[in-house]
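Contents: one structure, followed by commentary.
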Number of protein chains: 2
Amino acid sequence: MDGTTASSTQLLRQINSEALLRFALQEQVFTAGEAMAATGLTRATVLGVCDGLVGAGWLEEVSDGGDAGPAPKGRPARRYQLREAAGVVVGLDAGEGYLTTLVTDLRGRGLGKRRKSIDSHALGRAGRVASARELIGQALADAGCGDDDVLLTVVGVPAPVDAEGMSPEGGEFWQLMNSGFAPALPGTVIVENDANLAAIAEQAQEPSANVATLLSGERFGAGLIVDGRLLRGRQGGAGEMRFLDVFDSKLVPDEGGSDGLGALARKWARKGIHSYGGTTSLRRLPEEGIQAEDVFQAAREGDPLAGDIIDRLGARLARIAVVLSSLLDIERVVIAGGISSAIGPVLEHARSLLPTDSGLPLPSLVASTLGAEVVVQGAIESALMRIRREPMAFLPRAARS
Amino acid sequence: MDGTTASSTQLLRQINSEALLRFALQEQVFTAGEAMAATGLTRATVLGVCDGLVGAGWLEEVSDGGDAGPAPKGRPARRYQLREAAGVVVGLDAGEGYLTTLVTDLRGRGLGKRRKSIDSHALGRAGRVASARELIGQALADAGCGDDDVLLTVVGVPAPVDAEGMSPEGGEFWQLMNSGFAPALPGTVIVENDANLAAIAEQAQEPSANVATLLSGERFGAGLIVDGRLLRGRQGGAGEMRFLDVFDSKLVPDEGGSDGLGALARKWARKGIHSYGGTTSLRRLPEEGIQAEDVFQAAREGDPLAGDIIDRLGARLARIAVVLSSLLDIERVVIAGGISSAIGPVLEHARSLLPTDSGLPLPSLVASTLGAEVVVQGAIESALMRIRREPMAFLPRAARS
DNA sequence: GGACCTAAATATAAGATCCAAATAAATTCT
DNA sequence: AGAATTTATTTGGATCTTATATTTAGGTCC
């Protein structure tokens, strides 16, 4: 497949090495005996494979007895662990108005994090890439390592992304967001849709084979996991939410089709202060100053216009949930992104609208607990999954000699 | 995983055997040299593996030189082929009003076919199973083999089916359709949703990684293939079409939610002859005698009411296409089932309704060419795919001694 | 401190598999 | 009949795994 085609005689060794490495990636420190139980191989084989992995720089033998074990009886076991210096992974959330990056070791422990606001439209593609490059450099410096240590970088962008990491050619905005990061960032680079990464993060938090994660700040995008697998679609368009308004207005998409809940709250509030009949506290703010936060805040204080908007958002969400549940048998819908903390009332209203007599069980509607970091967390999780799946494809920094 | 856990030393042999067998399942008759090219193994190894497969009853050496090859020069190659008597697969379309079964060899060549009308509600679960048992027995007799020859039986039922072959407990109709075939039918038995099987059949006809196949006779069900994989959902509910009317009537599903295009044409026609203002040839038929065929026929002759119905069906289809395209990035929508031959005008109208300014390309709408046999064909194809994926899991009838 | 116990590491032998190269066989062409 | 050609078979070597026996490193008990 990739790299040198191993001779068939060495294939077995490689299979066993991968299995052992997969095990090592989940354990802190392990003995040969534990590895024997996990892989089903003999002690001699396990030790041989470990030897090879130490030589390749993946593992290191740990000698100091910092152990509180239950009084081991016989000869003490040799213990191995993943070599700290084997490498790190980088996650990057390359949003429209900000960049967030996170560097972790191979077990997902954070080593460095950076965030920066950007103006993508002023920067252009090249500018976005350069900014990302710089930010990652800083985060790597925080983590005390360099470009060569990065095994894999996963980038989340707000655009459909196909299996090759490309976005549809028609979309100018999409092309701007998916700025061609691959050549400039360290290690192997994988570009993925941001909502898809959010879905991976949510699934890692609470495993479930059929979840939809709605990344719902400015734009609306869904990461769909069905039968435990992320859906992509030919051009990466799976999870786009354009269909919503297609229904409202008879196949003609109107404005708002891809707006997220946050953007909608803002838009409806700015429009509502003109058209709404009753009194509303939102009029105290200048029209251009109204943000989604203000609407949620006003609703909590009982403002009627804000309450209406909450209800409309809830109805919208309920529709989405029904479609996802009906068409894909989704069992859990997670609202993620920056506004997930304030979304409670919307969820409540949406739940009340769900039909009760439908044949199949209703999906549960929940808010994400990961806040604004879903995408970066998902990027890291995605990177780690990838490395776990085929560890040998990502060579660690060569050991000495 | 299944069966005897092979010792690790034998794993390599097994891998190579499976690879060779997969190759053999696609070829008519092959030489060791061809197998070498396909698997990348040495001649000695290939012959050794072939030896083992002959011993296991999978392959047989073909000696008679019924070959029109281009005058081979050197020593003639030994040629192998899949043993005809290795086994057969059975497909069963267990619909509500009929049973269809097809027996084929391991390359999908038909050996026997039977069809029978049934009254499922009168028969009950046990009666359905018994009828299926009998019909399959007849088809096997036509094919000249018995129960022991069946490696795998795939059953399609009009109900959601989860990964274990079970349907949701709530649905009485579903439980009746998914009648518990497994213990009574020959070979390993797999139960699957009928629309999913139709999707597999369509994809086998014209490969495409993202297709939706609407099985649209009496009931509406979709088989969804995204990223080359069939979607199932936790309870097998992926592809249910209840969401349609949820939109029309504000989250309250009304009648017709799961009716197929055929059923809708009939219902609308029977209702329409009362409410419609103009003249229509459909009134010449008794209300209870109007069938979907009559509506399509009348439309071809220019009847206005029938034309209206066609348009409404087209609009419905267009909605479905837009949702599938938008939410799942589906590139092709196939209408399959008994009415697929008459569906042309509906497709035309639906195409005209598709929006043209949407960001992503529109799905193509096509009619299936497999007619009423889609489900059975898909069942066979599904069985063959399964056997190709893990051939060794299905032992062939033991060879002599 | 020394005898004993235990579980792990090492060493050794054996089995299975594959590859590479040499040898033998079967067929066509001259 | 003999050369050429292609394939089958045999043989030796290398790799990797397993199974068994032996050694080793610690602890415990007296």
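The one condition from (1) within 14 Å of another protein chain (Cβ to nearest Cβ); (2) within 13 Å of DNA strand C (Cβ to nearest atom) that A:ALA19 does not meet is (2). Every test in (1) touching a residue at least 60 places away in the same chain (Cβ under 8 Å); (2) assigned to a loop (DSSP other than H, G, I, E, B); (3) surrounded by fewer than 24 Cβ atoms within 10 Å (Cβ to Cβ) is passed by B:ALA184 save one, and that test is (1).
Those strands (runs of 3 or more DSSP E) of segment A:47-130 in which 3 or more residues are basic (Lys, Arg) and at pLDDT 95 or above occupy A:110-117. Taking segment B:16-40 as the region of interest, how many residues are in a strand (DSSP E or B) and under 30 Å from the mean Cα position of the chain (by Cα)? Count: 2. Taking the criterion of being farther than 19 Å from A:THR104 by Cβ and of a type in the set (Ser, Thr, Tyr), the residues of segment A:166-194 that qualify are A:SER167, A:SER179.
So which pairs qualify, if the first residue must be in segment B:46-62 and more than 10 Å from B:LEU21 (Cβ to Cβ), the second must be part of a helix (DSSP H, G or I) and within 11 Å of DNA strand C (Cβ to nearest atom), the Cβ gap must be under 6 Å, and the two must be at least 6 apart or on different chains? Correct list of pairs: B:VAL46/B:MET36. A single entry from B:LEU362, B:LEU347 fulfils the requirement of being within 14 Å of chain A (Cβ to nearest Cβ) and aliphatic (A, V, I, L, M): B:LEU362. If I ask for residues that are of a type in the set (Phe, Trp, Tyr) and not in a strand (DSSP E or B), which ones from segment A:192-246 would you list? The one that is of a type in the set (Phe, Trp, Tyr) and not in a strand (DSSP E or B): A:PHE243.
The values are calculated or read from the model by the stated rules, or taken from the named source; none is laboratory data. Keep in mind that this is a model prediction, so the values were computed, not measured. For neighbour counting, all protein chains shown are included, and Cβ atoms are generated from backbone atoms with ideal geometry for every residue, glycine included.
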